[in-house]
Amino acid sequence: KTCFPKLKERLGDEDQGVLTASVNTFLELARKNARNYLSLVPQLYHILVNTTNNWLSIKLLKIFQLLCPLEPRLPAKLAEPLTNLLNTTKAQSVEFEAIRCTLRTMPEGTAIAALAVEKLQTFLNSSDRNLRYLALEMYKEALEKPAFKERFPIPDLHSKVLQCIEESDPTARRIALQLLDTIVSPATFVDAVKKLMDFSKKALINDEFVGTILRMGARDRYALVEDFAWYLLVLADISRSVDSLYASEVAEQFTDISVRVAGVRPYAVTLALSLLDRDTTVTTTSGTDEDEAHGQAGSMDVVPAMLGACAWVIGEYHEAFESPADACLIKAAKALLAPKHTQTLEPAIQTQCIWAAVKLFLGAPRVAPAAVSELRAQLTAQLPGFAASTHVDVSERAALALHLTNFFREGGLADSSVDGTSLFEEPLLPVAPGAQKAVPVPDGLDLDEPFFPEEQVPQAVFAPVRMDPTDPYALAATYKDDLGFLAAQEVPVAPSPARASGTEQSSMFYLGRNNSDGDAGDGAAQAGQQAAPAAPAAPLDPLEQMRERLAAARAAGGASTKYEVLRDDVRAPAGAPTPAAASGSAASKGAASSAALPIPPEKELSELQGRLWAVCYSDAHVRVYFCVRAKNAKKQQLRIELRCERVDVGSNASVANVALKLPAGVTAQEVDASGLVSLAAGSLTERSAKVRATLGLAPFLAPLTCSLAAEVQYSLVLADSAEERIAGAVELRLPATTFLAPAVMSEDDVATYMSSASLEKTAQAISLPAPGKSAAELAQELPGIVGRCAGLCHFYGIQSGQKFVMIARPPAAGQTSPLEGQVALPEGALIVSMCHGMPKDGSLEIRVTVKACHQGVTADVTVQLTSVFRELLEGRLRSTG
């Protein structure tokens, strides 16, 4: 308050330097509380219309962007100077700031807004990629206003955005993908997806393209999708990328579309069968190595989650197979229960395959009566192998399936009206999240009470199942026993009965194959083949065949197919309490629902990391700084930045050719032939520019604070002395959290892990001053603070009120490192941090608890988390907005 009158006087100073400094000061103050400076509008407006200083004009436009929302009359007053700037300025920096000020402050229907959009198009068409990036970012911001897209249709914006997606700059590409997600329409959706699929197949890291496709497709319950059969093919194509981070989302959409769009189910079940069947194009019976290798060539690698989705779709909607469905059901059962492939999948996927096969058997009497006997034979032959699995869920589900197979045997029970078809009378519908919680528990029902009293198992049950003279107590289990292979190999395979009526070729979705075994009625053809065996044809791509058959169906009259989409979810029953009311008792106890903690984008995190510079070396002549800037988990690289400066500026000494030598075992892309990273080539007078060093992460296996013992070298010439080469020890301190990776888990999964693992613990409570902020303001800011800390420390976060759980994975085990003390944690280990914030007026107390299997890891991670919290609240990372 005491300085304000003096600063206000300086706005009339004739010195341009003083005036610019004064305006810049008011800009920084206005960013904290713009309302305090509304009284300066007349003076600032006078400066804006009279100045010719480009830098000053930019700062003034930034101030007016903060003041316009607070004064409704101000935008109309600024229309004239903004129009003059847009039409007359030659400086692109001023022009862009004027465009941004116009689009942020002016109503959409004004002429000046249309002029700003026209000027912005020149930036989008520029050959300078930096200007194109600014235009994309501005378009993205403008299109968030609902009226903008309707009032200002931008020609060729869609094609321009698709061109920008091919940019080599990842930040520009990310903005272009976000903008495409905003502007895409049903008419352009197909073309956009095709382009993104082409880009994803060319890119080394394609998850950002795939993620955009999935977000656009799922928007508003698939509002952009008009051809669901085509979109299912897109999902199937994406599922072949086995390393994708979006595997579960692809599977979820595949299942969700099958549930919501009844008209696409015939295509969905056929496509699911083509993905499940590992010998789609080749069927071998001779068992020779050549045939087996050929059959493997016809198979596809599909993410396991998608295989589970395909199994569920086939089991639930098997009646959608084209009639006659006998051959399709038999083929599907073989694919679901093939022990060579299915038993190698995750237990959850195995159980889905088993249950889908049971659904085929139970539904066969209604859709394919002639296939019942063969389906029963397949289940009877293959299920015992799954029942012998060491995974409890798989074994239990297989045993139940085998019991149902025997219960609903061919011919039915004594009462022939009893069969499994009644299980499929009512269709499954999409259920809204939280609907189950809203169903009230009936009076007298105790869900925690067992249905039956626990029985005492006879001791004889635990008798040895095999007797080995060398191991009478059966203590030494073999590997075959552990993996469940022994029982699977000993089960006799029942001979396949005659093929059921109906041929696969009768279906429009039948995938052709080389029929090496032939049908029973093709005896003459078999004899001819035995006399002169034909060379096996090259295996065909099942998805390509599906595309061809879809195109043929469309050409034959199916192009006008209109799908009915069930966009509404099943809600809670009438009269049932809402989820909020149902959990009222829990809320009364202070419990809050859990949600994923919002993590800032990579660009913001990188900017925050760029503020954390530290001195790693200093002597009488040179000081070296370094900063951990960013990590690329895909490429396993860590980017650090370094710079150096003279300490004895003005002395007679001469310093030149400053370089850094990394320790043995640590490599950097920027090293020269002598193994040095150059920090300053030639003479160092004051301060060098920033130098990047990209380190490989392979040697760093332990999430512990790592101090790299490097060496700085430079040439020194003192007055009246010869040149000498100086070398000094440098300590590059890498925080423990540098080597972590976020572990996306649910709260239940975290609880399960912590209850099953033996963990060490370190806890620390800190009190951070926050002057001028109330407890309510700090409580509102707390999730953002913890989210930034989680992002900077590479954690995934879960929020529950003012309590937060953060989870991360250490580097993968099974490797060795040349660095001392770098020993990986056991496979499957996690680092779990629990943070509890307690806001108070003027301060924030945070308690941090870290649990891991190694005490040193918990201590180092705790130190780094508390250090980042301090920087966020009172240090270099403190928000200025």
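Numerical summary
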quantity	calculated
Accessible-area order (highest first, 1.4 angstrom probe) of the listed residues 220, 207	220, 207
Nearest-10 value in Å² for the accessible area of residue 615, using the 1.4 Å probe	90 Å²
The range 740-838 shape via C-alpha gyration tensor axes, a/c threshold 1.5	prolate
Rounded percent of accessible protein surface that carbon and sulfur make up, the range 1-144, 1.4 Å probe	51 percent
Accessible heavy-atom area order of 156, 648, highest first, probe of 1.4 Å	156, 648
Distant-in-sequence amide H partners of residue 840 (H built 1.01 Å from N, under 5 Å)	845
Cα-based shape type of the range 175-221, given that a ≥ b ≥ c are square roots of the gyration tensor eigenvalues and the cut on a/c is 1.5	prolate
Karplus 3J(HN,Hα) series, Hz, for the range 253-262 with 6.51 cos²θ - 1.76 cosθ + 1.60 (x for Gly, Pro)	5, 4, 5, 4, 5, 4, 6, 7, 10, 5
Local electrostatic count at residue 625 - Lys and Arg +1, Asp and Glu -1, tallied over other residues with Cβ under 10 Å	+2
Rg/Rh (Cα only; Kirkwood hydrodynamic radius) as it applies to the range 1-121	0.96
Of all accessible heavy-atom area on the range 620-767, the percent that carbon and sulfur account for (1.4 Å)	48 percent
Per residue value of the accessible surface for the range 701-757 (all protein chains in place, 1.4 Å probe), Å²	48 Å²
By accessible area with a 1.4 Å probe, ligands and nucleic acids excluded, highest first: order of 674, 185	674, 185
Total formal charge among the other residues, if their Cβ is under 12 angstrom from that of residue 871, Lys/Arg +1 and Asp/Glu -1	+4
Long-range HN-HN contacts of residue 760 with modeled amide H, under 5 Å	852, 853, 854
Net charge of Cβ neighbours under 12 Å - reference residue 840; Lys, Arg +1; Asp, Glu -1	-2
Where the range 32-118 is the region considered: accessible area per residue in Å², 1.4 Å probe	48 Å²
Å² per residue, accessible surface of the range 315-411 at 1.4 Å	38 Å²
With DNA, RNA and ligands ignored, accessible area of residue 733 (1.4 Å probe; Å², nearest 10)	110 Å²
As computed over the range 606-665, the Cα convex hull volume per residue (Å³)	108 Å³
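The values are calculated or read from the model by the stated rules, or taken from the named source; none is laboratory data. Not measured: the values here are computed from a predicted model. Don't worry about glycine lacking a Cβ; one is built from the backbone with ideal geometry, like all the others, and counts go over all protein chains shown. Heavy atoms of the whole protein, side chains included, go into the accessibility calculation; ligands, DNA and RNA do not. Shrake-Rupley method; radii C 1.70, N 1.55, O 1.52, S 1.80 Å.
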